[in-house]
1. Any chance the range 136-149 includes a residue that's touching a helix residue (DSSP H, G or I) at 6+ places or on another chain (Cβ under 6 Å) and either touching a residue at least 60 places away in the same chain (Cβ under 8 Å) or more than 19 Å from residue 198 (Cα to Cα) (or both)?
2. Looking at (1) crowded, with 17+ Cβ neighbours inside 10 Å; (2) over 28 Å from residue 57 (Cβ atoms), find the lone condition where residue 133 falls short.
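Values quoted throughout were computed directly from the atomic coordinates according to the rules given, and no laboratory measurement underlies them. Just so you know, these numbers come straight off a predicted model, no measurement behind them. Here Cβ is always computed from backbone atoms with ideal geometry, including for glycine, and neighbour counts include all displayed protein chains.
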């Protein structure tokens, strides 16, 4: 159960600070502030979704504990990529709609006596299908994948598990995450590595248009309270890095 920091707690905090202010007790000041921060952190920890936790359980290693587990928000959510993807897909699809209409003789012009050009009709169909996928089909695919995608944060790793077309998983140890890129705070996406562009010059690495495509870089897409999850990961990452530094190295007698 999550702890809730109520307004009355702030009043109690103020009273304690006032009572110790003239006592010159800096230790008590630190204790009270520490309790406040701890309570706020407990409030920020998200509930563990039982279904997500059950799905990722077989992926856990020895000594690994789940601190957060969720599934993506099921609603249709537009992302920053859509500012360019949607206009481009509309232009693309519109062009090939006119292409197919012209090839079928809708404008009264055709290179064949029958009123349509079979080759041009067939040649334009794949491009028309791609356009329809970009306009609306990808949202249906993402909705299908959302119901089969599970995210987890453990004391050692971030983990993505997907049971879509086939079972896929992607994970990264907390102390091996080069950087975390964040988009959104309440509802958002976290990249545990570089956020590659969808379209790039030849030779540069790109990513899939869908944020639910499991790849080398683990991604928590469309998660609720992304800022709280980000803070949780940063706290765990700091502890993990500190623990790895504190571990004694192997010594050999010469």
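1. Scanning the range 136-149, I find no residue that is touching a helix residue (DSSP H, G or I) at 6+ places or on another chain (Cβ under 6 Å) and either touching a residue at least 60 places away in the same chain (Cβ under 8 Å) or more than 19 Å from residue 198 (Cα to Cα) (or both), so the answer is no.
2. (1)
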